[in-house]
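So the structure is just underneath, and the comments pick up after that.
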Amino acid sequence: MVDKKWVYLFNELEQAIAYVNGEWDGVRALLGGKGANLAEMTRIGLPVPPFFTVTTEACNAYTAGGSKFPAGLWDQELKALAKVEEASGKKFGDAGNPLLVSCRSGAKFSMPGMMDTVLNIGLNDETVEGLAKLTDNDRFAYDSYRRLIQMFGSVVMGMSDEIFEDPLEAYKHQKGYKNDTDLTADDLKELVKVFKKAVRENQGSDFPQDPLQQLSLATEAVFRSWMGKRAIDYRRAEAIPDDLGTAVNIVTMVFGNMGWDSGTGVAFTRNPATGENKMYGDYLLNAQGEDVVAGIRNTDPIQNMGDHLPEAYKQFMEVTAVLEKHYRDMQDVEFTIERGRLWMLQTRNGKRTANAAVKVAVDMANEGLISREEALTRVTPKQVDALLHPQFNEENKKVAKKAGRFFATGVNASPGAAVGQIYFDADTAERMGKEEKQAVIMVRPFTKPDDVHGMLAAKGILTSEGGATSHAAVVARQFGVPCIVGASQIRIDLERRQMKVGDSVVKEGEWISVDGTTGEVYLGKLELTVPNIEEQTDLMTLLTWADETARLQVWANADYPRDARRARSYGAKGIGLCRTEHMFFEPERLPTVQKMVLAETSEERTAELNILLPYQRSDFAGLFEAMDGLPVIIRLIDPPLHEFMPDEEKLFEEVVTMRVKGETKGLDEKEKLLASIKALHESNPMLGLRGVRLSIYMPEIVEMQVRAIFEAAADCASKGIVVKPEVMIPLTGTVNELKWIQPRLERIAKAVMDEKGVSFEYKFGTMIEIPRAAITASEIAGLAQFFSFGTNDLTQMTFGYSRDDAERNFLIKYVEEGILVKNPFQTIDREGVGRLMSMAVNEGRNVRPELEVGICGEHGGDPDSIEFCHLIGNNYVSCSPFRVPVARLAAAQAAIKHK
Ligand code: PEP
Ligand code: MG
């Protein structure tokens, strides 16, 4: 039997493509993003050191086989190594001309810093001497060797960093050195001894001298890091499946620490924070890659590289231009310059802030690099959401500055504002955020991949060290968490759990405000404000393209004119739900509403409703004005009446107290009120006297509402406003309910138009939120001119889960246990609730082809549910005004996906 192919050489991309049947996505799944892109860069002739990739399938086979290499893997690694030796002209383990390799993780989706890497594999007591001779640089050789022992110890042998860091610091201290670069060759030779001793003491065995053993152990360590805690935390957050596995790239080492004609860096082809079309990155002369990424040494901006290494810089700019054109996206690259010669070590599509995602997408479409449709797929609904998130306003910051509350500044690494209590380690930050539900700002000197769980639980991140491409910055940008790095005035005292600038001290648990957009830190709490969408011109452009592409319209749920105006400015094309009962809760109206509910005769009730009518008329007029020319769906009263009454228990207590104290003034009324509330009490009010049932039971209320709607519409129409009222009847379960109520209401509508002498378009329709209504949609469509899915109730009633209680009881566990894939109150359950919806649309349209169909439950703002509404042929989705931009993008993406 021929062994499965577990290993692909740098020049075997075609074979990998053939194996996965031509799909680039399949190549990335097999070789990981890093491996696939290294092979692709090699294929297009860019300078990449010789390498081979061990596939993700090998990683999965290793895990499945109980942490054992699958048959044939090691053999294939050895053969590939021989080819790399040939291509590089060096030999692994040969003291005369040693080949050194790195062993780098690389999964299908980039997981920056979440898995392991070992550099300088192949060094031992002999090859280090060879390397020193060959390069005529003892210092470099021994520095490389001590780095290998340190990395190997921590990554492969699982030793803690301190075991190496502590003696290193002690050594530097003893010699009076400040920086690692102060260490001499002799110092490093000494440190190699110290490190080897540390390994022996900690592990009970020596650091392995056999380069092949180093390689095989490092490969295993990278495999294992796929199942490490931080990788798993990250995958949960990013919804990356566990079964993808990681590939392992074994790459010829090139050295940025061979002297001052060498260097290393990371860069983005555009600014990942703002999207500006300008190279953005950091580099260090005479350093290895990890020095830049870890943010331990202070880096130089990439533009300065032209002064030190002009030739390499020029080539670098050319290569990155090729890469951006080739991948048609902003690239995030790692490179090393070894004695003036440029090597590319990685390229991938760069992670970016929401701001940058929008700008890069719009710019690239305008540059002709991508189409508008592609631009629409380059931005996620979550990113649009982030752009509408709160910020600090300038005025408040000025006031805070005057009051002496300005604390520090740093690099504005991830935009957005956050206010929270500070914690100095990831575990505490996570616990305070998750369990105590506190708003948390995580503060660290710098962050490491192990800190990801704390960063995820934080509202903001602040570090005193590191640069724009340090770990904290990269991760924060990706998760959209506001972040400031390198705020170097801040002295963090981890022992005393406090931070300090001058005399100003902030203790753990105290509040600060961080502005990731500007890099400023303030003491205490600053007020957050909502950004103005109209000022975000690139976003406005992108959303205009979205509207041109989408088939679904986006409407908004709005109860008040102010909400309607916001919805319109966010691009809503109508109001899909005005919950009229919210107007009844206004304090000045509530007493009248209560009297109306308590009325014993129809006349008494009508008298109270006559007081409410002008209020409602002006509410509706405000909506029609705000939505001039667009449809406005007004839903008639829905909730059960007891919601308008005082709290039963409290009232009972008051009555009892009065009786005990013998107080009589007002007791009678209170007792009467209590009796009425008791009479209105229902064990399960959600299934009780609400919606259309209430309208049939007490038609006077909705008769007043319909009169108010049409009087307002008529008045507005007379003023030249184009009104399109749509009256929505909630909670219909049988067509007979509509047959009873709708004609009465339509008569009122006509009467008002006659009285006012104006006519305009209008519709009567219903919500579909009871399963029976969906099942009998063809009958209901005989009367209803539109359907609007109330998926909050439809989900509640289809599952039989109480919408008010399920989430605090069992539902979250159901999702965690995989009994439900997603929370059905957030994302439409396509198989159950969705089937009812799809059936209702089809059957309704059979009877009434022009039937207008929408959705106004919470699902209307959820991208996955929006896609579903696109698929079943809805005309629109309606969601809260703040979700409108998100929904516009999601509607366009659904149309593109299902062309
Ligand atoms: C619904 O049930 O989905 C709906 C929009 O109505 P409400 O949430 O007001 O019951
Ligand atoms: Mg409802």
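Summary of computed values
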quantity: Gyration tensor (Cα) of segment 697-768, equivalent ellipsoid semi-axes in angstrom; calculated: 23, 13, 9
quantity: 1.4 Å probe accessible area per residue over segment 512-559, in Å²; calculated: 39 Å²
quantity: Helical contribution to [θ] at 222 nm, DSSP H n ≥ 4, -39,500 (n - 2.57), averaged over the chain, rounded to 500; calculated: -14000 deg cm²/dmol
quantity: Principal semi-axes in Å for segment 41-106 [√(5λ), Cα gyration tensor, largest first]; calculated: 25, 16, 10
quantity: Apportionment of accessible area to carbon and sulfur, the chain, percent (1.4 Å); calculated: 49 percent
quantity: Rg/Rg_ref, the chain, where Rg_ref = 2.2 N^0.38 Å and atoms are Cα; calculated: 1.15
quantity: Radius 12 Å from Cβ of residue 196, net charge of other residues (Lys, Arg +1; Asp, Glu -1); calculated: +1
quantity: Exposure of residue 775 as accessible area (Å², to 10), given a probe of 1.4 Å and all protein chains; calculated: 90 Å²
quantity: Accessible area (Å², 1.4 Å probe, nearest 10) - residue 530; calculated: 70 Å²
quantity: Radius 12 Å from Cβ of residue 558, net charge of other residues (Lys, Arg +1; Asp, Glu -1); calculated: +4
quantity: For segment 1-107, size of Cβ-based charge dipole, Lys and Arg +1, Asp and Glu -1, in debye; calculated: 220 debye
quantity: Among beta bridges that DSSP assigns inside the chain, antiparallel share in %, nearest 5; calculated: 65 percent
quantity: Scattering profile of segment 276-422 at q = 0.10, 0.14, 0.17 Å⁻¹ [log10 I(q)/I(0), Debye over alpha-carbon scatterers]; calculated: -0.51, -0.89, -1.10
quantity: Selection from 447, 865, 335 lying farthest towards where the dipole of the chain points positive, charges on Cβ; calculated: 865
quantity: Solvent-accessible ranking of 399, 597, largest area first, probe 1.4 Å; calculated: 399, 597
quantity: With all protein chains modelled, accessible area of residue 373 [1.4 Å, Å²]; calculated: 60 Å²
quantity: Distribution of pairwise C-alpha distances over segment 735-846, 5 Å bins, in %; calculated: 2, 11, 18, 17, 13, 12, 10, 8, 5, 3, 2, 1, 0
quantity: Solvent exposure ordering (accessible area, 1.4 Å, most first) of 635, 372; calculated: 372, 635
quantity: Largest-first principal axis extents of the Cα set of segment 785-844 (Å); calculated: 39, 21, 15
quantity: Largest to smallest principal axis extent of the C-alpha atoms in segment 346-492, angstrom; calculated: 47, 38, 29
quantity: Positive minus negative residues near residue 748 (Lys, Arg vs Asp, Glu; Cβ under 12 Å); calculated: -2
quantity: Residue (of 461, 241, 598) at the positive-pole extreme of the chain, dipole from beta-carbon charges; calculated: 598
quantity: Along each principal axis, Cα extent of segment 415-534, largest first, Å; calculated: 47, 31, 31
quantity: Distance from segment 599-662 to segment 685-712 (C-alpha centre basis), Å; calculated: 11 Å
quantity: Given charges at beta-carbon only (K, R positive; D, E negative), |dipole| of segment 69-172 in Debye; calculated: 440 debye
quantity: Surface per residue (accessible, 1.4 Å probe) for segment 103-177, Å²; calculated: 37 Å²
quantity: Residue 555 long-range amide H proximity, modeled H, under 5 Å; calculated: 573, 877, 878, 879
quantity: Heavy-atom accessible area order for 369, 99, largest first, 1.4 Å probe; calculated: 369, 99
quantity: Mean separation of Cα contacts under 8 Å, 6 or more apart, over the residue count of segment 508-583: relative contact order %; calculated: 21 percent
quantity: Extension reserve of the residue 434-residue 763 stretch, reckoned as 0.36 nm per residue once the Cα distance is removed; calculated: 113.7 nm
quantity: Angle in degrees between helix 699-718 and the longest Cα principal axis of the chain, rounded to the nearest 10; calculated: 80 degrees
quantity: Cβ-placed point charges (K, R +1; D, E -1), dipole of the chain about Cα centre in debye, nearest 20; calculated: 640 debye
quantity: Amide H contacts of residue 99 (H built 1.01 Å from N, under 5 Å, at least 5 apart or other chain); calculated: 91, 92, 93, 94
quantity: Overall dimensions of segment 650-777 as given by Cα atoms, namely Rg and Dmax in Å; calculated: 20.8, 62
quantity: In Hz, Karplus ³J(HN,Hα) per residue of segment 77-91 (6.51, -1.76, 1.60; θ = phi - 60°; x = Gly, Pro); calculated: 4, 5, 5, 5, 4, 4, 5, 5, 4, 4, 5, 8, x, 10, 10
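The values are calculated or read from the model by the stated rules, or taken from the named source; none is laboratory data. Computed from a prediction, not measured in an experiment: that's the story for all the values here. Quick reminder, even Gly has a Cβ in these numbers, built from the backbone with ideal geometry, and neighbours come from all protein chains shown. Only protein heavy atoms, including side chains, enter the accessible area calculation; ligands, DNA and RNA are left aside. Shrake-Rupley method; radii C 1.70, N 1.55, O 1.52, S 1.80 Å.
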